[in-house]
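These notes are about the structure you will find just below.
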Amino acid sequence: MSGHLGKLSEGRLLAPSAVCVLIALPALLLDRVPPAVTLVQLLLGGALTVHAVRQRDRLAARLAEVREVVRITQEAVLRPLSRDFAGTHVSTRYHCAARESAVGGDLYDVAVTAFGLRVLVGDVRGHGLEAVRLSAETVAGFRELAYTVRDLTAVATSLDSRLAPGLGPEDFVTAVLAEFAPGEVRLVNCGHPAPLRSGQRVELLEPAVPALPLGLCPDPRQYRVRLQPGDRLLLYTDGLTEARAPDGTLFPVLTEAAHALRDPLPDEALDTLYLRLLAHTGTAPADDLALVLCQPTQATVPVPPAVHRTHSP
């Protein structure tokens with residue numbers, strides 16, 4: 001994003017400079033240029049220089065404004081979490097690959113609803129402002145639908161219907177939805193990396209029937225997974241599964257997760273997993289990464305629906 005603005009800024013500053021050079025060139029090549037012409041050249045060059053400085057200042061102010069918008073969007077879309085929600089502890093981490101931005105295309109959100117705790121993790125195709133916009137729209141849609149739509153599959157299909165009209169021909173959002181109930185988690189996966197369950201063993205929770213990402217008219221199916229006491233559910237984006245070592249070796253997710261998730265503290269477990277990822281790649285990851293670790297702490301009880309009262313004047 002800022003790289004694009006930087007190129008635009010450079011172009012606008014180079015144009016006046018080039019004109020200044022062309023104006024002064026005759027004076028440099030010919031000794032018989034009248035003084036009046038030289039004065040005009042100097043005045044024009046000075047005016048263009050002042051214009052270039054003003055353009056630079058305006059672009060710098062615009063860039064600062066865009067960065068502030070991105071920062072505010074990050075706080076709204078990617079709220080850092082480490083707390084209990086309706087009997088389940090949720091911890092999150094977000095790492096953006098782009099140095100010039102704090103927000104990429106990954107997203108997550110949590111909603112405590114009358115149907116249970118619901119969690120969304122998704123990945124928008126692309127980066128920059130368009131990815132930020134689509135991430136915000138996806139989270140906004142989830143926050144509305146999660147509280148009003150009973151069936152988790154219907155949440156996914158309704159979210160797809162909301163996003164599809166505003167997407168380009170190559171745009172889509174991979175997403176996984178989780179709903180926690182006593183002793184189990186219900187999952188809907190739309191083209192996203194499979195959640196990982198860590199307990200007596202570590203395993204990927206693949207859907208029986210794969211579904212397309214949001215924006216591509218998916219036909220998702222809900223599947224249920226039993227959770228034993230002490231089990232953890234790790235939701236993540238493909239920045240984890242597609243990370244590679246310098247020799248091209250993929251990050252061994254199951255092996256590394258089995259080691260990192262032994263830590264009894266959820267936040268420490270996520271930090272350890274990320275450090276092991278960095279050790280594997282030898283550098284900062286090339287893709288964004290969102291991590292959401294959920295651990296039921298007690299029998300999950302749905303929250304009763306809110307009662308809306310009207311007040312007579």
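A few comments on the model shown:
- The residues in segment 155-180 that are farther than 30 Å from P252 by Cα and open to solvent by less than 10 Å² (accessible area, probe 1.4 Å) can be counted, and the count is 3.
- Residues in segment 190-205 that are over 17 Å from D123 (Cβ atoms), open to solvent by 20 Å² or more (accessible area, probe 1.4 Å) and either part of a loop (DSSP other than H, G, I, E, B) or small (G, A, S) (or both): 3 in all.
- Residue match in segment 210-227 (condition: small (G, A, S), under 30 Å from T157 (Cα atoms), over 18 Å from the mean Cα position of the chain (by Cα) and open to solvent by less than 70 Å² (accessible area, probe 1.4 Å)): yes
- If you go through segment 55-103 and keep only what is open to solvent by 50 Å² or more (accessible area, probe 1.4 Å) and modelled with pLDDT of 75 or more, you end up with R56, R79, P80, S82, R83, D84, R93.
- Residue that is surrounded by the most Cβ atoms within 10 Å (Cβ to Cβ), among those in segment 104-134 that are at pLDDT 85 or above and within 15 Å of G168 (Cβ to Cβ): V124
- When residues of segment 240-294 are limited to those that are within 18 Å of V121 (Cβ to Cβ) and of a type in the set (V, I, T), the one least open to solvent (accessible area, probe 1.4 Å): V292
- For L152, the criteria (1) surrounded by 22 or more Cβ atoms within 10 Å (Cβ to Cβ); (2) out of contact with any Ser or Thr (no Cβ under 8 Å at 6 or more places or on another chain); (3) not small (G, A, S) hold in every case but one, which is (1).
- Screening E130, E206 for residues that are of a type outside the set (K, R) and over 27 Å from L261 (Cβ atoms) leaves exactly one candidate, E130.
The values are calculated or read from the model by the stated rules, or taken from the named source; none is laboratory data. This one's a predicted model, so the numbers in the text were calculated from it and none came from an experiment. Because the Cβ atoms are built from the backbone with ideal geometry, glycine has one as well, and the counts that use them run over all protein chains shown. Surface accessibility is based on the protein's heavy atoms, side chains included, excluding ligands, DNA and RNA. Shrake-Rupley method; radii C 1.70, N 1.55, O 1.52, S 1.80 Å.
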